[in-house]
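**Q** Provided herewith is a single structure, encoded as structure tokens, for subsequent inquiry.
Derivation of every value follows stated rules applied to the coordinates shown; laboratory data play no part. Every value quoted in this text rests on a predicted model; they were computed, and no experiment measured them. Counting neighbours? That spans all protein chains shown, and the Cβs are built from the backbone with ideal geometry, glycine included.
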Amino acid sequence: MPEAAIRHDWTREEVAALFALPFNELLHRAHGVHRQHHDPNAVQVSTLLSIKTGGCPEDCAYCPQAARYDTGVAAQKLMDTDDVLQRARAAKAAGASRFCMGAAWRGPKDRDIPKVAAIVRAVKGLGLETCATLGLLGHGHAQALKDAGLDYYNHNLDTAPEFYGEIIHTREYQDRLVTLAQVRDAGLKTCCGGIVGMGETREQRAGLLQALANLPEHPQSVPINQLVPVPGTPLGGAEPIDPFEFVRAIAVARILMPLSIVRLSAGRQQMDDAVQALCFFAGAGSIFYGEKLLTTGNPDVEADRALFRRLDLHPLEVTASMGTVHADIVDSETNSCGHGCGCSAAA
Ligand code: SAM
Ligand code: DTB
Ligand code: SF4
């Protein structure tokens with residue numbers, strides 16, 4: 001297979017044509033691209049924590065944290081650094097290599113930035129990669145977070161430009177592009193993806209992935225979320241997406257952005273193991289690990305350990321400036337690699 005080109009000029013027709021390939025053909029192509037640039041048996045493992053929950057003024061139709069929807073999520077203030085640190089230590093001990101912190105804000109106020117920066121600095125000090133998702137950034141925010149030791153900033157496009165207006169009315173697509181530019185300019189890595197299963201058409205799913213792939217730089221991390229329908233939100237009763245259509249979205253993302261790590265993100269609790277296995281084959285190379293996403297559930301740690309064992313997957317080791325982080329999520333009783341791949345993850 002020829003080396004996959006890194007392109008930023010994908011047309012809608014090209015992306016739609018990938019979606020329309022026979023399923024096996026699409027997965028074969030996607031897996032080929034995956035193997036060219038990634039270890040197909042390694043999965044990066046991140047743990048999420050909501051450091052500021054609920055009470056959000058925005059109206060994102062999928063979100064349980066919007067104050068205007070009655071979802072039972074109580075508004076809380078920003079967590080203290082010590083409480084976040086305790087959760088980050090536990091995540092590291094359980095095998096996560098990255099700690100992702102989310103805040104239910106439209107965006108941080110200037111006065112929030114020193115507090116979040118202190119949290120980031122402390123988490124980074126544990127030897128974890130750090131990621132934050134705080135909403136739209138203001139002047140100087142990205143640089144201050146970078147200076148505190150932030151590695152990634154998550155800010156999603158969420159859906160295709162032409163479907164966006166049906167999902168969110170309190171901020172524009174363009175606002176998101178501006179925040180993403182600030183993130184890149186500060187030298188932060190970008191985590192940017194979206195949600196499928198919100199009632200969009202396949203054409204609109206293609207539109208989301210086209211928009212992601214045609215950003216000035218491919219995001220280093222591309223989370224593909226399946227909608228978690230939460231009662232009380234406008235999308236609480238959304239029709240579940242065909243699981244094979246979700247796998248197609250992962251595969252197309254893999255082909256469009258060959259160097260990026262595509263994350264099989266929210267929605268795994270609603271997915272069976274066979275669908276997750278197809279997602280890994282199609283090019284997903286990252287998951288959220290730990291019983292909770294931000295406010296909704298995620299598979300149990302034990303279930304994920306068993307899944308990794310059954311699929312012979314091992315956690316991606318992150319060799320950053322702080323050294324190698326060993327993510328021992330597979331089996332705490334044995335300590336040698338049984339994959340023949342030389343990794344130190346338990347088999
Ligand atoms: N408030 C910030 C913002 O919106 O940018 C950061 C946190 S927000 C919860 C981060 C992302 O979570 C959203 O952009 C969306 O992609 C995802 N998300 C939220 N609710 C979801 C749901 N019910 N199902 C799937 N993904 C969801
Ligand atoms: C992303 O793309 N998905 C994560 C993370 N980035 C912040 C959030 C998923 C949230 C699912 C709904 C909830 O738990 O509140
Ligand atoms: Fe607020 Fe973010 Fe939820 Fe939108 S997705 S309502 S901005 S917390």
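**Q** Provide the gained length on full extension for the span Ile6 to Arg89, in nm with one decimal, where the gain is 0.36 nm per separating residue minus the Cα-Cα distance. Can you show the working numbers first?
**A** Values: separation 83, 0.36 × 83 = 29.88 nm, distance 3.70 nm.
Residue separation times 0.36 nm, minus the Cα-Cα distance, leaves 26.2 nm.
**Q** Count charges around Ile6 for me, please; just the other residues with Cβ under 15 Å from its Cβ, Lys/Arg as +1, Asp/Glu as -1. Numbers along the way, then the final one.
**A** Working: positive: Arg7, Arg254; negative: Glu3, Asp9, Glu14, Glu217.
Within the 15 Å Cβ shell, the charges total -2.
**Q** Under the 0.36 nm per residue contour assumption, what length would be gained going from the current alpha-carbon distance of Lys77 and Leu177 to full extension? Please report the intermediate quantities before stating the final value.
**A** Numbers: separation 100, 0.36 × 100 = 36.00 nm, distance 2.75 nm.
My answer for the length gained is 33.2 nm.
**Q** Using R₀ = 45 Å, calculate the FRET efficiency as 1/(1 + (r/R₀)^6) where r is the Cβ-Cβ separation of Arg310 and Ala17; round to 0.05. Spell out each step's value before the answer.
**A** On the way: r = 34 Å, r/R0 = 0.75.
The value I calculate is 0.85.
**Q** Restricting to the chain, compute how many DSSP beta bridges are antiparallel as a %, nearest 5.
**A** Details: 4 of 38 bridges.
In the chain, DSSP labels about 10 percent of beta bridges as antiparallel.
**Q** Starting with the highest mean, order 245-255, 82-92, 6-16 by the number of other Cβ atoms within 10 Å, averaged over the residues of each peptide.
**A** Highest mean packing first, the order is 245-255, 82-92, 6-16.
**Q** If you place +1 on the Cβ of every Lys and Arg, -1 on the Cβ of every Asp and Glu, and leave all else neutral, what size is the dipole of the chain about its Cα centre, to the nearest 20 Debye?
**A** Working: 32 positive and 40 negative charges, 148 e Å.
That gives a dipole near 720 debye.
**Q** Would you please put 155-167, 21-33 in order of how densely packed they are, using the mean number of other Cβ atoms within 10 angstrom per residue and starting with the highest?
**A** Numbers: 155-167: 19.2, 21-33: 16.7.
Those peptides, ordered most packed to least, come out 155-167, 21-33.
**Q** Going by C-beta contacts inside 10 Å, put Thr130, Thr170, Thr179 in order with the fewest on the left.
**A** Ascending Cβ contact count within 10 Å gives the list Thr170, Thr179, Thr130.
**Q** Something else: What distance in nm lies between label points placed 7 Å from Cα along the C-beta direction at His139 and Glu25?
**A** Taking the two extended label points, one gets 5.3 nm.
**Q** Calculate for the chain the 222 nm mean residue ellipticity that helices alone would give, adding -39,500 (n - 2.57) per DSSP H run of length 4 or more and normalising by residue count, nearest 500 deg cm²/dmol.
**A** On the way: 11 runs with 121 residues, N = 347.
Result for the chain: -10500 deg cm²/dmol, rounded to the nearest 500.
**Q** Averaging over all projection directions, find the projected area of the Cα convex hull of the chain and quote it in nm² with one decimal place. If you can, show how the numbers build up before the last one.
**A** On the way: hull surface 64.6 nm².
With every direction weighted equally, the projected area is 16.2 nm².
**Q** Cα to Cα, under 23 Å, and not fewer than 8 places away if on the same chain: which lysines meet these conditions relative to Lys115?
**A** Lys52, Lys77, Lys92, Lys124, Lys146, Lys189
**Q** Around Gly187, with a cut-off of 13 angstrom between Cβ atoms, what is the net charge of the other residues, counting Lys and Arg +1 and Asp and Glu -1? Let's see the in-between values first.
**A** Numbers: positive: Lys146, Arg184, Lys189; negative: Asp147, Asp151, Asp185, Glu217.
Combined, the nearby Lys, Arg, Asp and Glu give -1.
**Q** What does the charge count around Arg111 come to, taking other residues whose C-beta lies under 14 Å from its C-beta (Lys +1, Arg +1, Asp -1, Glu -1)?
**A** On the way: positive: Lys52, Lys77, Lys109, Lys115; negative: Asp110, Asp112.
So the environment of Arg111 carries a net charge of +2.
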